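What follows is a single structure, written as structure tokens, with notes after it.
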């Protein structure tokens, strides 16, 4: 496991854990964003918060245990964020927080790509 992969996976894990916990805490700033893209607010904890938190934990597990767990978690997060981008495209809604979607996607995709190498 390269140092680059370890730093990238650890950064991605921290970012996704923070985002997942924030979702599960039901931060009020998130609800208007969900409504505008047509996602029910009831999905904030499950599946959204749980998926992001599980992905972050999976990335950590891949650093501490079998490597394939982190690769699988990164793949799942790439799918999650692809769905988020699709939801924004479908709704044609691009708030000032939109760049974060692409940052999270890039972290997950980069971790997946480097992990597969």
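Values in this text are rule-based calculations from the coordinates and carry no lab data. Note that this is a predicted model, so its numbers are computed, not measured. So basically every Cβ, Gly included, is an ideal-geometry build from the backbone, and we count neighbours across all protein chains shown.
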Worksheet, complete the sentence: Inside region 60-86, the number of residues satisfying the requirement of being farther than 19 Å from residue 18 by Cα and surrounded by 17 or more Cβ atoms within 10 Å (Cβ to Cβ) is 3
Practice prompt. May I ask you to verify whether residue 61 is over 14 Å from residue 33 (Cβ atoms) and under 15 Å from the mean Cα position of the chain (by Cα)?
Written response: no
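One line per residue, one yes/no per condition, for (1) touching a residue at least 12 places away in the same chain (Cβ under 8 Å); (2) touching a helix residue (DSSP H, G or I) at 6+ places or on another chain (Cβ under 8 Å):
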| position | (1), (2) |
| --- | --- |
| 20 | yes, yes |
| 42 | no, no |
| 56 | yes, yes |
| 67 | yes, yes |
| 71 | yes, yes |
| 93 | yes, yes |
| 98 | no, yes |
| 105 | yes, yes |
| 109 | yes, yes |
Worksheet item: Considering 7, 78, which residue is under 12 Å from residue 111 (Cβ atoms) and without any contact (Cβ under 8 Å) to a residue 24 or more places away in the chain?
Response: 7
